[in-house]
Structures are given as C-alpha cells and as structure tokens.
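The numbers here are math on the coordinates, done by the rules we state, and not lab data. Keep in mind it's a predicted model, so treat the numbers as computed, not measured. Ideal geometry is used to build each Cβ from the backbone, glycine not excepted, and the neighbour counts take in all protein chains shown.
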Number of protein chains: 2
Amino acid sequence: MATRIGIGLLGLGTVGGGVAEILQTPDGRHPLVADLDLVRVAVRDLNRPRPVELPADCLTTNPEAVVDDPNVHVVVEVMGGIEPARTLIMRAIAAGKSVVTANKAVIARHGEEIAAAAASAGVYVLIEAAVGGGIPIIEPLKQSLGGNRIQRVSGIINGTTNYILSRMAQEGADYDAVLRDAQELGYAEADPAADVDGLDAADKIAILAGLAFGGPIPRGGIPTDGISSLQSRDVDYATQLDYGVKLLAVAERADNTDTDNADRDGGPSLPLAVRVQPTLVPLDHPLAGVHGVNNAILVEGDPIGRVMFYGPGAGAGPTASAVVADILNIAGIQQLNDTDGQLDPLLAASSWRACHLVESSAIRQRNYLRFHTDDTPGVIGQIGTSFGDHGVSIQSIVQFDASDAGAEIVVITHEVSNGNLDKALAAITARPEIRGIAAHLGCL
Amino acid sequence: MATRIGIGLLGLGTVGGGVAEILQTPDGRHPLVADLDLVRVAVRDLNRPRPVELPADCLTTNPEAVVDDPNVHVVVEVMGGIEPARTLIMRAIAAGKSVVTANKAVIARHGEEIAAAAASAGVYVLIEAAVGGGIPIIEPLKQSLGGNRIQRVSGIINGTTNYILSRMAQEGADYDAVLRDAQELGYAEADPAADVDGLDAADKIAILAGLAFGGPIPRGGIPTDGISSLQSRDVDYATQLDYGVKLLAVAERADNTDTDNADRDGGPSLPLAVRVQPTLVPLDHPLAGVHGVNNAILVEGDPIGRVMFYGPGAGAGPTASAVVADILNIAGIQQLNDTDGQLDPLLAASSWRACHLVESSAIRQRNYLRFHTDDTPGVIGQIGTSFGDHGVSIQSIVQFDASDAGAEIVVITHEVSNGNLDKALAAITARPEIRGIAAHLGCL
C-alpha cells in the first residue's frame, strides 16, 4: 500500500501552474504521481485567473500556512527571489519537511546554510529545477557520476542569452535589436540584467560545481562577464574563423596535476577555476550545436570521459517536469519503512570536501582578442612579438577590415593564465600603433 | 557511521577491470566509494595477467562462490552472454542480494523474470551500464522523467555501427573496407553480427522502451535492420540531400491520439511502434552531430519537450562509471535504517502498465527509397503518380546518376504507414521501367 504524500506549493505562477497541472493529471505518468496530493497552495492574489482549477479552500495568501499545514509533507518553493523564499525554506526544514525548490538564487547564496539545516533535520532539499530547466543534470551529478573524478563542468545554462546569441549569429543582428525583440517575445525580462550580465549563469555554475566537486562554492568570487557589450562584429569574425559564440559557464579543477590533493578527512582544499564569459566554441564541439533557448551541460571526468546533457533550459513544462522529478524522488524514498531520520547520502548530496576558487589571474584558458590598431605595416608582427616576449603562445592572427579608420586584428591564443595574458596586453596596448582592445572573449 | 558494502565481481575483463580500478582508488571520488569493499572476484583463468592487482584469496574460478560468499552484499555481473550470467543473477536474487549488471542481452530477454524475482526478494537489479555505456540514461528515465508522458525514445545506441557510418560518411568509403578497419582497431568484434545486424541496438531499445513506457517489451517482436547491406552511395546521396545516415533505434507511442488509453489498474495495453534501422537524420537535428563511437539518446515527452543524453557508448572507463553508479545507488539506500524488504519504487522500476508492439505494417514513418530504373523520360512522374494513387505523400524526388546503365531515383516520403507504403511499392515495382528497389531506409 503506497504512502500518500501531501504537497504544499509556494507560488502558482508559470512553474507552479505547470506543477499543479502534472499533479492533477496523473494518467500515463509514473504511478507514484497519483500518490501525490496537492494539499495547499500559496498565491499572491486569490482572485487572479489561474491556468489550473483548484478547490477554493486549497488556496491561501499566507505561505506560512502552507508550510505549517500538518497535511503538507513536502514543500515546493516556486515563488522565486531571495526573501521570503529563504525563510520559508528554512521554516519547512525546521518543521521536518523535505523541500523542492527551483530557486537558483537562494541555493547559490544560501545553499550551505540550507544544506546544514536539512542534514540536521534529516530532510531533503532537492533542486533539479534550479539549473537547466527540464534537463536532468542535478540528479545525474549526484547519483550517476559519483564513481568519477570530475575534471570540468561547463555549459550553456542561460536560455535568454543563448537565444540572443543564436539570433545574432544567424541574422548578423546587433545585440540591442535582438534583446528588444526577445523582450517582446517573452524570452527576456523587462529588466534583463540577471540574464545578460551573466549573474543567473553564475548562480547556476556555482550550484553545479558544488555538486560536481563535492564542496560549497563561494558564489561571490566567480568572475562574470555577460553579453551586453558583445558586438555583432565579434560574432561575425568568430563565424568566419569557424567558431560560434556562447555564454559559457565553466568550473574546472585548477590543481594542474593528475593527483587529487583533497581528501574527505579535511585535507587540502581543492582549487577550482570558475567563470562565466562569452566564449568562442569550435563549430564541431558538441556545445556549438545548442541553439535558441536550449541549454546543455558537459561533464568531463575520469574514467567516464565526456558526457553531455541537452534540452529546454526554461519554460513552464520543462521546469515543472524537473520539480515533479524531485517530488517523486522524495515520495519514492518515503515508500521505505521508517528511515528514522537517516538520509540517502547520494540524494542528500552533502559536501564531502573543501573547495576554493583560484584568483582570476591564475585561471588558464584560450582567448579571443580583437585589437583596434593603426593600419600600418608590421602591426601584426609587433603584436605577435609582444605576445611571444611574454610567453603567450598564439594559434592565429588575422587582420579584418583595414581602412583609413584603422585595422581590426583578431588574435586567438593557446592556453595561458590570465595573469600572463594581462602582462602581454599591457605591453601591447602601450605601443603607439595599438589604439585599444576592442574585445576580449574566452575560447574553447 | 557508514555501512560497509561488500562487492562481488563476476568477470574481470575490460569492464570488470575498470570497476575494480575505481573501487581500489577511491580518492577524489564520491566518499561512498571508500565504503565499498571488493570482496571476491570470479575469473576464468587465475593465472592470466590482470590490469589491476588483487589479493590472491580474492580471486576464484567459481562464480557461485562469489554469489554465495556471505561477505558479498552486492553482486556485479560483467561477464556477458546469456548463460551462466542469467542463472547467477537469479541465484544472487534468491540469496537476497542486489545485482548490478551491464548485460543487455540477459535483461532484454529475461528482464521480466529477473524483475519479478527481485521484487519478491526485495532487492534491486540495476542496469545503467547495459545501455549507452557511461551515459546516465537508465537512471534519468527511472528517476528524473517520471512526471512526463513519454512520447518517444530514440537514439544512436550502438557505438560500432556509428563508428562505421561516421567513417563511411567522412571518407565516402565502402562498408566492407571500414568494417575491416574497425575490426583491426578493436571497434568491431571478429564476428560483428550482433552490432552490424542491429541486434545489440534492438536489445537496448527494448530496455529503454520498457523503462520509458512502464511495461515489458517483447524483444522478439522488434523489426530490426542492420547496416551490413548499406551502400556507400546511399550515404553519399543522403549527404547531398543534407542528411546524415545513422543506425537509429526508435520506440514511440502508436496510439495516434493525445489521450492516454492505458491505466495502472490493468486498462488497455499501450500500443508502441519500436524498430531499429538505418535512418536519414537531418543535419540540423541533435542526433546528426553524434559521431564515432559516441551514443546519444533523445527522450520526448509531455511536458518536458525534448532532452538528449550524449556520451561515450562503450569502453572500459565509461562502462565502469555506469556500473559504479549503480553500486553507489544501492550503497546509498543501504545507509538508511532497516527498510525491511521495502524498495524505492523509482529505483526498482517495476512495470506499471501493459505495452504491446503494433504490427510492422502499422508503424508510421518517413522513408528514403532509391529506385533503380530505366533512364527514360517520365519515370519520375510515374513514380510520383503511383505514390499519389496509394495515398503516399512525397517530400522530394531526385534523379541521381543517369546513364546507359539506367537511372537512380531517390524519393523521400512524408510520414506514412509501412502497410500503405508497401502497397505503393508493389505497384511501382510492377511497372516495366522500374528495375527494382535498391535501398529502403528510414528518415527523420
């Protein structure tokens, strides 16, 4: 006889509505869905029209009433924002209730506090919907890749910017024009800063890195470049050089050795290089084919090699699918006999080692640089020489668009530390023929 | 205090060696790996050199001794083949031990019997490594997509044939030449039949469909075409028409309605169309970019839309990663207090509805057809008319390669049932100008 599970929903917007719809139409879904009862739903306005019909006594404007309802066993937080979401999550945990949340901002900033409270209360806080929309990525990282030493997690994890970049590449259009269009179509918010400045992607890579490497990631320390100053001519030059431009979030081991110098008993902390930036991706790379609002996350480790997870990065249906996945996981565990506050360590995903971020100057990567220069002979040679003098190895230098207004010289470097690159760039921009660095992007 | 888990390994070949290596080097992996003890290993020959060092008393040539060892809690079957693997799996279940297996042949043929025994013994039989090598696909299907009504599972799930097809497309080479090369490089077996005839892919799609749709799939009823009679000119024509050719395994609902006519209480059985065949994939489709020995599985459902899982489809490391994932899942659950024979229904993944395969003639799909014809005027018109007379709608007809030896006419149809297509083809081949059907492939 299956245990029935009472669900309390905080928020009935796009995602909350999608979750309610799944719970109300269990036919043809996993039979455990039919064991879930949507008991109580907190909304902002009782009289607003809803995408789903709910009994009137199910709705309340008081989210605490949902958390405190004794018939609610699992609290689903899909209201967004830091507060009151964080306080409500903590209240649910204190009441001994497991939590499912799609709130990447809260988890990226308060994940450690929340995880500690959940562990001591013996409840789960599951976050599949916080990253990658419907794509199963949190659960595979927690439950399917544990035998690996993860080397790198990277991906396209913001649908809005990928939509904008895809259209810029296809149409040769300017950022501003595509952004306005995306706003009209509902793919970008009226205030697009969290997306286009890379903050949303930084939240998400902090969460992914924490799971992949087993320790909390200081969200504030992640170098983050968005796409708002990206120029269409760089997208165009990249295309001519057989690259796509993607807003890439990357987290990788930065110990530069094959041995693991961290251990579970409190050994040295694992150094990680984490960043978000517009990045050139070779056209034959699996991430280059990810267009529009789709997301994809690439995980590299030993011995698995390279696996990729691809799908819709946002939207009511996909995100609701991820929320329900988490609810089902909790419901599945609750079919077991009294587990007496014990947690499945894979599903709970508590930290098991310390991680720290290396300085931005210590991050090693390939780079795309566009210089604005005088159109005089020898400029390419001077740039090449300056890079060489500072130990920066170059893959290609190409001159685009020379005219009376000057020349555009694009350089793609081999892998180099940001610190060494900066020294080379200081020497190059000190030359009188060099008018400035017009663009600096990452490059895979 | 973590529970220690004793592991017994049946087989120490490529995959078994990879598993042993992970278990012996837990540093930097999930800390649960360190709680796994490799207790006993069954090998064929005690004196063969091994990729890993094991204590001599750990090895035995008697697999039953591994299964029966009271210190072995989880039996890992990586010996392959139907027998004695099946009997040993059943013996482990009867002894109340959970089983991890990479054996798709056993699971595709005896999965129902094994699942029933496991359910009644209250143990898990986990099979992540049976499909897609290292790619997490079994677990996401079981644990992350349960809120969805799955519409279709399709994919490239045989690395050997994808390697051969990738090289045929890149080099314009013949099947026989590439196969020989693949055999020399170790990408194809000396007897390649299971791979090139599509049998391995049929095993795997039966397993995926069973999980995606919730009911056992009759393995014997899956129409299966391999690549051994594929001609390089069809790969070439496909390329000219902007398609790649992949050995695709597809399982999809065939109820042709949006409502779900199956239910968990024994309602009507869900009709499925399942098949394996060489298939044209449009170059902008996510599966078209999957090259070499990589695999990818696309899952389509409501409300998630379309998600894809991509990665190495074979190899010691990736497959060992999947085996260890399963071991960790069992170890994670065993950290919970006495569950008294109760199983997590998501992880156990028992069947919850009946499924049946529709007749091959009822399968609906797009098709690629190459006709060998006389090079006379009007042949294209006659073919087009005959298709139209039988209700087969055509996307394109293109004539390639006309000469005294005749003409090659390639037709791509819109979606049509195999039954209607066959009637049209009978009418077309009855015409005197038509010398024969030189190729018939699927088309996405």
- Quick one: B:LEU10, B:LEU23, fewest Cβ neighbours within 10 Å first, how do they rank? B:LEU23, B:LEU10
- Cα extents of the stretch A:360-443 along the three principal axes, largest first, in whole Å? 38, 21, 18
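If you place +1 on the Cβ of every Lys and Arg and -1 on the Cβ of every Asp and Glu, how big does the dipole about the Cα centre of chain B come out, in debye to the nearest 20?
460 debye
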- Message: In Å, what Kirkwood hydrodynamic radius results for the protein assembly as shown from the alpha-carbon pair distances?
- Response: 29.1 Å
- Message: I need B:GLU21, A:GLU128 ordered by Cβ neighbour count within 10 Å, fewest first.
- Response: B:GLU21, A:GLU128
- What length, rounded to one decimal in nm, is gained on full extension from B:THR385 through to B:ASN47, with 0.36 nm per residue of separation minus their alpha-carbon distance? 114.7 nm
- Message: Over chain B, with a Gaussian network built from C-alpha contacts below 10 Å, which listed residue (B:VAL392, B:VAL106, B:VAL67) shows the highest mean-square fluctuation?
- Response: B:VAL392
- Query: On average, how many beta carbons from a partner chain sit within 10 Å of the beta carbon of a residue in B:324-331?
  - Reply: 5
- Message: With the label 7 angstrom out along Cα to Cβ, how close does A:SER396 come to the same site in each of the other copies, in nm, nearest first?
- Response: 2.9
- Message: I'd like the mean, over residues of B:130-143, of how many other protein chain beta carbons sit within 10 Å of each residue's own Cβ.
- Response: 5
- Charged-residue dipole, Cβ positions (Lys, Arg, Asp, Glu), the stretch A:319-444 about Cα centre, Debye nearest 20: 280 debye
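Taking the Cβ-Cβ separation of B:GLN342 and B:THR14 as r and a Förster radius of 35 Å, what is the calculated FRET efficiency to the nearest 0.05?
Calculated value: 0.45.
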- Query: What's log10 of I(q)/I(0) for the stretch A:20-140 at q = 0.10, 0.12, 0.15, 0.16 Å⁻¹, Debye sum over Cα points only, no solvent?
  - Reply: -0.32, -0.47, -0.74, -0.85
- Task: Please list the non-local residues whose amide H lies under 5 Å from the amide H of B:VAL125, H modeled 1.01 Å from N, same-chain partners needing a gap of 5 or more.
- Result: B:VAL99
- Task: Would you mind getting me the FRET efficiency between B:ALA426 and B:GLN183? Use the beta-carbon distance for r and R0 = 30 Å, nearest 0.05.
- Result: 0.20
- Message: Compute the angle between helix A:199-213 and the longest alpha-carbon principal axis of chain A, please, reported from 0 to 90 degrees and rounded to the nearest 10.
- Response: 70 degrees
- Query: Hey, for A:PRO51 with labels 7 Å out along Cα-Cβ, what do the inter-copy distances come to in nm, ordered shortest first?
  - Reply: 4.7
- Query: Dividing the convex hull volume of the Cα atoms of the stretch A:150-226 by its residue count, what figure in Å³ per residue is obtained?
  - Reply: 98 Å³
- Scan chain A for the residue whose Cβ is closest to the axis carrying it onto chain B, then write down that distance in whole angstrom. A:GLY289, 3
- If you count, for each residue, the other Cβ atoms within 10 Å and average over each peptide, how do A:218-226, B:129-137 line up from highest to lowest? B:129-137, A:218-226
- Message: Relative contact order of the stretch B:300-444, please, whole-number percent, based on alpha carbon pairs below 8 angstrom and at least 6 residues apart.
- Response: 28 percent
- Task: Taking H placed 1.01 Å from N in the peptide plane, check which residues at least 5 places from A:PHE400 or on another chain put their amide H under 5 Å from its amide H.
- Result: A:GLU408, A:ILE409, A:VAL410
- Task: Mind pulling the angle between the C-alpha long axis of helix B:85-94 and the longest principal axis of chain B? Nearest 10 degrees, somewhere in 0 to 90.
- Result: 50 degrees
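Using only DSSP helix segments of four residues or longer, with each worth -39500 (n - 2.57), what per-residue ellipticity at 222 nm results for chain A after dividing by its residue count and rounding to 500?
Computed ellipticity for chain A at 222 nm equals -9500 deg cm²/dmol.
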- Mind computing the radius of gyration and Dmax over the alpha-carbon atoms of the stretch B:138-310? Å is fine for both. 16.9, 54
- Query: Alpha carbon centre of the stretch B:394-444 versus the stretch A:37-52: separation in Å?
  - Reply: 56 Å
- Query: If you line up the long axis of helix B:316-334 against the longest principal axis of chain B, both from Cα atoms, how many degrees apart are they, to the nearest 10?
  - Reply: 50 degrees
- Per residue of A:342-348, count partner chain C-beta atoms within 10 Å of its C-beta, then hand back the mean as an integer. 6
- So the FRET efficiency between A:ASP242 and B:ALA173, C-beta based with R0 = 30 Å and rounded to 0.05, is 0.75
- In µm²/s, what is D for the stretch A:305-444 at 10 °C and 1.306 mPa s, where D = kT/(6 pi eta Rh) by Stokes-Einstein and Rh is the Kirkwood radius from Cα pairs? 81 µm²/s
- Item | For the stretch B:120-184, convex hull volume per residue from C-alpha positions, Å³ | 160 Å³
- Where nothing but the Cβ of Lys and Arg (+1) and of Asp and Glu (-1) is charged, how large is the charge dipole of the protein assembly as shown around its Cα centre, in debye to the nearest 20? 740 debye
- Please list A:195-204, A:175-184 highest first by mean number of surrounding beta-carbon atoms within 10 Å per residue. A:195-204, A:175-184
- Query: Taking the Cα centre of each part, how many Å lie between the stretch A:105-165 and the stretch B:78-99?
  - Reply: 36 Å
- Task: Over the residues of chain A, compute the C-alpha Rg and express it relative to 2.2 N^0.38 Å.
- Result: 1.08
- Message: Quick check on my link table: of A:LYS97/A:LYS142; B:LYS104/B:LYS423; A:LYS246/B:LYS142; A:LYS142/B:LYS246; A:LYS104/B:LYS142, which ones sit more than 29 Å apart, alpha carbon to alpha carbon?
- Response: B:LYS104/B:LYS423; A:LYS246/B:LYS142; A:LYS142/B:LYS246
- Message: At 7 angstrom along the Cα-to-beta-carbon line, where would the label on B:ALA95 sit relative to the other copies? Give the distances in nm, shortest first.
- Response: 4.8
- Task: List B:VAL99, A:VAL398 from most exposed to least, where exposure is judged by having the fewest other Cβ atoms within 10 Å.
- Result: A:VAL398, B:VAL99
- Task: Taking 7 Å along the Cα-to-C-beta vector as the label spot, tell me the B:ASP284-A:ASP68 distance in nanometres, rounded to one decimal.
- Result: 5.5 nm
